[in-house]
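Only one structure is covered here, and it is reproduced in the block below.
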Amino acid sequence: MRAFFELLPPLAWFFLLYLAALAVLFVSAFWSVDPFTTEVVHTWNTENFREIVTSPDWRRVVYRTVGIAAAVTITDAILAFPIAYYMARLASPRMRTLLFVLVLLPLWSSYLVRVYAWKVILAQNGILNWSLEKIGLPAANIGYTNTAMWLVFSYIWLPFMILPVYASLERIPDSYIEASHDLGGRGFRTLRSVILPLALPGIVAGSIFTFSLTLGDYITPTLVGGASSSFIGNIVYNTGLGAAGNLPFAAAFASIPLLVMAIYLLLARRLGAFEAL
Amino acid sequence: MIESRATRIGLKVWTLLVVLFLHLPIVIIILYAFNAQTAQGWPITEWTTKWFSPTLHDEEMRQALWLSLKAAVGATVIALVLGSLAAFAIHRFKFFGRDMISFVFILPIALPGIITGMALNSFFVFWHVNFGIWTIIVGHATFCVVIIFNNVIARLRRTPTSLVEASMDLGADGWQTFRYVTLPTISTALVSGALLAFALSFDEVIVTTFTAGVQNTLPIWIFGNIRIGQQLPEVNVVVFLILIGTILPVTIAQRLTSESGILRTRR
Amino acid sequence: MKRFHIAALAVLAVGLAVPAAGTGKSTGLPTAIGPGEGKLTMIAWEGYLDAKWVKSFQKQTGCKVQAKYAGSSDEMVTLMRSGGGGQYDMVSASGDASLRLIYGKDVAAVNVGLVPGWKQFFNAFKSPPNNTVKGQHYGISLQWGPNTLLYNTQKVKPAPTSWGAIYDSKYKGRVTVPNNPIQIADVALYLSKTKPSLGIKDPYELNQTQFNAAIDLIKKQKPLIKKYWGLSSDEVSLFKNGDTWLGASWPVTTGTLRAAKVPVKEIIPKEGATGWLDTWMLSAKAKHPNCAYKWYSYISSPKVQASQAVTYGETPVNKLACAQMNKLSKGSCAQYHANAPEAYYRSIKFWKTPVADCGNGKNNCLDYTKWVSAWNQATA
């Protein structure tokens, strides 16, 4: 217990540094740039936020980012649950090891390269259309669209959902399920009333990854997105850096994911499932 | 058997499909390591193994790979310590600011990587810190901690406190209880968290660009090669070789932690 | 990044100043190239530090080159300023970034007298406005290229002669243009010929009315765009995989596609074209200035200029490079317009950073920050 408290200070220190760095950055959201020198001018105003809220283009970017992040999270939760259940409760130890390795292996093959592989698959003359053509179906033009982004994001973050769900399903004692069966709950009822609630912390933990990783990403939209696929990260990157860096505006825009995650975590807590948050 | 036969078959099929889905792009990557052309078009018309030798001898690539490995180890270790500490603290003690701390952990992942990158960059500049492997590690640790934290918390939530109490009742002190009761129950969470954290750090490119200075990590090297497009197959070769190289460690790691589960009655 | 910190950081930054090569004075240009420092750190476009010419430079001068590649001008500016500046000695900046670096005091003035190749440059590139301010040279011109119209000869019929082709709904979903706010100038150039009533004289100096007209056209064009390309390799994929059939491009992209047997052709349409001109700039806090000057001499010489032009796919600024180019690849000199008359270069509207000061007495032109914001909103 004593050792415990001795180790807490470095933890606090570490995140205080990070917070301090962030704070300075976000404070600048209330400043602006001088149009001639592009120096940051320290006059307090909320002009940046007003611009974001009133511009239909900026709003569209935010809705798109949040919408796709939500879609990806739901997709991954649905995809992950059965396989996590199988891995945790039905697979033999050998099979479980094999599946574990198979699920983790893609994570070692570079995010950039995997997204690039999807480009090849989804391109006009790519593998998908080539296969569809072979079996006589029309070409699916999903290359460089929001659908493509949803697909690729769901693919990329799937292991991040499978593992936490697996971890939580693994700990459910068999006795609970047997008891539920004894009490008359068959299959679906047991799933709904016993298994899902107990697996919820894992699902929520996984959803936090998939949602937040999608929310903050800008590389996948750049690689597989089309003409109307800018994410919040893209706007922050394009407006904040370089030759005409409008850092205050970028910082203001970046406060949106912050706000969204705060709401998300609040909701997660309200659901009562993730008590720690 | 608890689950019905139909359910079990359904689950097996679903698992197979998901695994295929996960590995389709991997197969593509491996195929393109043998593509004679530099641009990635389909179908592949010419096959070759000519890219393997130059890749292995590429000094830039080797340095980048080594740097990435070192940084990932450093970041994962820090994340393991800080993440599990935080998880225990949050789980056991009710104190003011509990929710705030959890929120703060999420930030490095929730915010666009460039924000963390820019913030850390200006911070290091201000305090005159030299950009190098340690700035990279710090940058990576910020988002690795939350992975360990989330995994351990989710596990702790499901662990009955009766185990710890029973251990104490049987005469074990704090450290023994931790070693023989607590640690085994969270070990899978720690290992899967560590593997995820390592992979995330190994693969990170955005924050690293801002915290690395002149050095290249492997993802930055890959990004550069993808850009110019003239050495694209080399990138595929590197990924292919890394995949082969990681099968063994990941298998061993998983084997080490597969326990029968204290509360499971059958296996 | 140092900008938005308080004055304390500025004080610290001053304390980090590095003495210039050859002199101990704070303002004077060096008068001679001293001995090499053994190292040279550079930010460059991918392909600009190819082993073909870097290896021999390292052998000749003993300056080991450490490269950091960047994919956009914005990235280059950010990198130059990272770590308080001084982390990198040189940067191969394009015209849309160079003025910002100059006004931001990130780069130092250079003595062109120390670079023999400079005298052999075409006049248009000796002191172009994007790297020469008030007679002071802030770098040495490197290579340049036009922004061309690229099209798939099998899919786009009849062959286009005007930029209007990329605004034509006939090719909906098959067009691509660069994802770069400076594209607004290309649109303005097109409008200057098709809507003369707007009175656009310089596509980089636009007042609010002219600017709005350009943004409107960009918004009208958006449904036609499959993807805004960021890197040359992006565009190569788009054309190669059949996703796009025409768009704005660079000669290097055309070269790569033709080598991959994709049936494309590039033209400079009748309305004219914008162009990019790259400059090697020297950091104001460079740690290895002597090696930097050695690099200047090396990269400006005709043989190396030719080698880079042919390898990368761009046009050298050194007049004498033409003959060398033909030695490396027959006909390449004409292909890249490396022997065109001066009038040709002056007809290209080279990139320069838009500023509020239009030079007409009024300050009502829009500056680049507004270009960035408007572009990102229009293409979001």
| message | Helix-only estimate, please: 222 nm mean residue ellipticity of chain C, summing -39500 (n - 2.57) across DSSP H runs of length 4 or more and dividing by its residues, to the nearest 500. | response | -10000 deg cm²/dmol
| task | Could you tell me how many degrees, from 0 to 90 and to the nearest 10, lie between the Cα long axis of helix B:98-110 and the main elongation axis, the longest principal axis, of the Cα atoms of chain B? | result | 10
| Summed buried accessible surface, chains B and C, 1.4 Å probe, nearest 100 Å² | 2100
| message | List the chymotrypsin sites (Phe, Trp or Tyr not before Pro) within the stretch B:110-164 that DSSP assigns to loop and that have no more than 14 neighbouring Cβ atoms inside 10 Å. | response | B:Trp127
| query | To the nearest 100 Å², how much accessible surface do chains A and B hide from each other in total, with a 1.4 Å probe? | reply | 9800
| said: With the crude spin-label approximation of a point 7 Å out along Cα→Cβ, what separation in nm comes out for A:Thr54 versus B:Ile44? | reply: 5.6
| Pairing the Cα long axis of helix C:51-61 with the longest principal axis of chain C, what angle in degrees results, from 0 to 90 and rounded to the nearest 10? | 20
| query | So what is the calculated 222 nm ellipticity per residue for chain A, using -39500 (n - 2.57) for each DSSP H run with n of 4 or more, over all residues, to the nearest 500 deg cm²/dmol? | reply | -23000 deg cm²/dmol
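Of all trypsin sites (Lys or Arg not before Pro) in the stretch B:1-83, which ones are in loop regions per DSSP and have a Cβ with at most 15 other Cβ atoms within 10 Å?
Within the stretch B:1-83, the qualifying trypsin sites (Lys or Arg not before Pro) (loop, at most 15 other Cβ atoms within 10 Å) are B:Lys50.
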| note | Taking Cα atoms only, helix C:289-300 is inclined relative to the longest principal axis of chain C by an angle, in degrees rounded to 10, of 40
| query | Can you pull out the GluC sites (Glu not before Pro) in the stretch A:25-110 that DSSP calls coil and that have at most 15 other Cβ atoms within 10 Å? | reply | A:Glu39
| query | Taking the Cα centre of each part, how many Å lie between the stretch A:107-155 and the stretch A:203-220? | reply | 21
| query | Measuring from label point to label point, each 7 Å out along Cα→Cβ, what is the B:Val81 to B:Leu183 span in nm? | reply | 1.6
| query | Using the alpha-carbon centroid of each, what span in Å lies between the stretch C:150-192 and the stretch A:22-91? | reply | 32
| remark: C:Ser197 and C:Ala32 label points (each 7 Å along its Cα→Cβ direction) are spaced in nm at 6.7
| request: Taking DSSP loops as anything outside H, G, I, E and B, show the longest stretch in chain C free of trypsin sites (Lys or Arg not before Pro) there with at most 13 other beta carbons within 10 Å. | output: C:26-104
| note | Taking the protein assembly as shown and a Cβ-Cβ threshold of 4.7 Å, the cysteines left without a partner are B:Cys144
| query | When Cβ neighbours within 10 Å are restricted to other protein chains, what is their mean count per residue of peptide C:349-359? | reply | 1
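The values are calculated or read from the model by the stated rules, or taken from the named source; none is laboratory data. Since the model is a prediction, treat every value here as computed from it, not as a measurement. Heads up, the Cβs are rebuilt from the backbone with ideal geometry, glycines too, and the neighbour counts pull from every protein chain shown. With ligands, DNA and RNA removed, areas are computed over all heavy atoms of the protein, side chains included. Shrake-Rupley method; radii C 1.70, N 1.55, O 1.52, S 1.80 Å.
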